[in-house]
Amino acid sequence: MTKHDLPDTTRFWPFAGGDLCDIGKNGGFVEVPLAPPGPDEVIARVDAACVCSSDIKVIRMGAAHPLFSERDLAKEPAVLGHEMALTVVAVGENWQGRYRPGDRLGLQPAITVAGRRHTIGMDLPGGFAQHIRLDARTLGGDEPYVFPVPDQPSAATIAMLEPYSCVEAAYRPNCRTEFKPDGRLLLVTGEGGDAVALDIAMPAKEATLVAADQAAVAWAAPAASVEHHPTLDRLLADTKGPGFDDIILRGRVRPELITALLDRLDRGGLLVLAGAQEQVLVAVDAARIHYHALSLLGTEGPGLADAFRPERCRFELKARGIALILGAGGAMGRIHLHRALEMADGPATILATSRKPARRQALEEDFGELARRNGRRLVILYDAEVPATVRELAPGGCDDVVVVAPDVGLIETGAGYLAPGGMLVLFSGMPFGKPCRLPLWRIGSDGVRFTGSSGSAVADQLAVLDRVMAGRLDLAGNLQAVGGLGALPDALEAVAEGRLSGKIAIYPGRLDLPLTPLGELRRDGSTGWSRDDEACLAAG
């Protein structure tokens, strides 16, 4: 084992359940002995940890959170914090040569081990601590959940890679845009469906046909097994029947049946609406779009292949288009806005809403100059101002609508602002079982997209880091305040109460630094946040 600044003790904030007021009620953070790493462990110093609204959600749910279902928090407190920047201080013998003291690391907190999902900062100890102990679950494999980072970016910037990567993932291919090879496929021929040519080779291993015409029977013939149902009602009556990887609705199908079929679509599934559909709203469980990565494509063209044209499968914001971000004043909404403003070929006009006056003011103060510098038009609105503004600035509708709030009405309203070919991005954290009424017929008639995502991967963090290093994205533009380890309760309360919607960086190496807005540290009026600033902070 190699030692590198490994102290005898470490400090952390325990979470034993309760609400925000219970954080630190027994005297604040605790100090415990810090044992050297075991053979399969690496100990890293937490240089900075950012507060996330998910931390507030975990605290409020407490023992009711699914990740704590098998844990007595009173006996085994958790250490929260999943956005962090690390420096290796000690390496166990099995990791010698791969990790070295002094290595700077970023971390992807959502990990999967033997098919089971874990989250560092929730069910595994997190970053609201001076040190973190990592093992093979995080360090090992061909694609570990830690990654090296350059020396230049500030620790706060590295910690912010994680929330920015979640937004990045919303605009990277995050669901399927082709049929699953050797999957299970359902083909429903509705009214007028026999006019839609099946001009794609049968991809599935198992095919189920409902009301099949002769062309559908011939198309399904190469599948290893083919099952027939005379009516869709008969199929749906079998509530214990298997789910499907792909569902093709060929022709008109009643809206309530489309809703029922979406429930039979497996995680990661694809629904294709082929042919003209009824122009009525369809109830959709919006949570399934972003948590289960459902894909929705369609066409009114003469053949099925038209649904898969590239312009019908886009994920990125439209270059030089008009974007509407509903809920831009919150922590994640600010990141969507920041990313759009810094894109090399992003939207020319961005309409950003916030219901709270203080957040509207913060958006203008933090991003107004950036918009002007990058030649973008930024219009900050209350929700009630959106209809008139869209009529004035986007009479044909918005090219992209991003919903960053768990609000059924806001999602439905946002869908109504889509221009032909537009994209609705759900980044709303909707609970399951809350249906939204969406104009799914427009997927085929107008080429609109309904998409969403949840979480991120190391690749998403690296994509953000690449832009940071290229000077195309300054994450410090979204940093609003800093504090030492003792300031964590104040930081959590500030986020929970909405007093600060930008990011807050906690520096565990500093114990006594109160929660301090950057403006009070940068009295010269300069902006940004660098490693030099952090060095001054560490020096007191």
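The values are calculated or read from the model by the stated rules, or taken from the named source; none is laboratory data. Since the model is a prediction, treat every value here as computed from it, not as a measurement. Cβ sites come from the backbone with ideal geometry, for glycine too, and all protein chains shown count toward neighbours.
On the given criteria, is Thr259 under 28 Å from Pro439 (Cβ atoms) and more than 26 Å from the chain's Cα centre (by Cα)? If you could, list the steps in order and put the result at the bottom.
Working: under 28 Å from Pro439 (Cβ atoms): yes; more than 26 Å from the chain's Cα centre (by Cα): no.
In short, no.
Quick check on the range 153-176. Is at least one of its residues more than 20 Å from the chain's Cα centre (by Cα) and among the charged types (D, E, K, R)?
Residues of the range 153-176 that are more than 20 Å from the chain's Cα centre (by Cα), as a first pass: 153-155.
With the extra rule that they be among the charged types (D, E, K, R), the set shrinks to none.
Scanning the range 153-176 turns up no residue that is more than 20 Å from the chain's Cα centre (by Cα) and among the charged types (D, E, K, R).
For residues that are within 32 Å of the chain's Cα centre (by Cα), at pLDDT 95 or above and of a type in the set (Gly, Ala, Ser), scanning just the range 21-57, find the one that is farthest from Gly330 (Cα to Cα).
In this case the residue turns out to be Ala44.
Which residue out of Gly471, Gly483 is out of contact with any Ser or Thr (no Cβ under 7 Å at 6 or more places or on another chain) and of a type in the set (Gly, Ala, Ser)? Walk me through it before giving the result.
On the way: Gly483 fails: out of contact with any Ser or Thr (no Cβ under 7 Å at 6 or more places or on another chain).
So the residue among Gly471, Gly483 that is out of contact with any Ser or Thr (no Cβ under 7 Å at 6 or more places or on another chain) and of a type in the set (Gly, Ala, Ser) is Gly471.
Considering only the range 405-421, state which residues are under 23 Å from Ser165 (Cα atoms) and at pLDDT 95 or above.
Ile411
Evaluate the range 172-180: report whether one residue or more is modelled with pLDDT of 95 or more, among the hydrophobic types (A, V, I, L, M, F, W, C) and in a strand (DSSP E or B).
No, the range 172-180 contains no residue that is modelled with pLDDT of 95 or more, among the hydrophobic types (A, V, I, L, M, F, W, C) and in a strand (DSSP E or B).
Take the range 96-150 and flag every residue that is among the small types (Gly, Ala, Ser), over 24 Å from Pro14 (Cβ atoms) and modelled with pLDDT under 95. Before the answer, list the steps.
Taking the range 96-150 as the starting set, the residues that turn out to be among the small types (Gly, Ala, Ser) are 97, 102, 106, 110, 114-115, 121, 126-127, 129, 136, 140-141.
Next cut, over 24 Å from Pro14 (Cβ atoms) only: 97, 102, 106, 114-115, 136, 140-141.
Gly97, Ala114, Gly115, Ala136, Gly140, Gly141 - these are the residues of the range 96-150 that are among the small types (Gly, Ala, Ser), over 24 Å from Pro14 (Cβ atoms) and modelled with pLDDT under 95.
Which residues, counting only those in the range 93-115, are assigned to a loop (DSSP other than H, G, I, E, B) and either acidic (Asp, Glu) or crowded, with 22+ Cβ neighbours inside 10 Å (or both)?
Step one: list which residues in the range 93-115 are assigned to a loop (DSSP other than H, G, I, E, B), which gives 97-98, 100-103, 108-109, 114-115.
If the condition is that a residue be assigned to a loop (DSSP other than H, G, I, E, B) and either acidic (Asp, Glu) or crowded, with 22+ Cβ neighbours inside 10 Å (or both), then Asp103, Gln108, Pro109 are the ones that fit.
Please specify each residue of the range 89-121 satisfying the condition of being on the phi > 0 side of the Ramachandran plot and among the hydroxyl-bearing types (Ser, Thr, Tyr). Please lay out each step first, then the result.
So the first thing to find is which residues in the range 89-121 are on the phi > 0 side of the Ramachandran plot, and the list is 97, 102, 114-115, 121.
Listed by number, the list is empty, since nothing qualifies.
Taking only pairs six or more apart or across chains, which ones have beta-carbon atoms under 8 Å, a first residue in the range 76-87 that is more than 16 Å from Cys50 (Cβ to Cβ), and a second residue that is assigned to a strand (DSSP E or B) and modelled with pLDDT under 95?
From residues that are more than 16 Å from Cys50 (Cβ to Cβ), the pairs are Pro77/Phe15; Ala78/Phe15.
Counting only residues that are closer than 24 Å to Leu297 by Cβ and modelled with pLDDT under 90, which one in the range 237-251 is nearest to the chain's Cα centre (by Cα)? Walk me through it before giving the result.
Taking the range 237-251 and keeping what is closer than 24 Å to Leu297 by Cβ, we get 241-251.
Then keep just the ones that are modelled with pLDDT under 90; that gives 241-242.
On the way: Gly241: 31, Pro242: 29 Å.
That would be Pro242.
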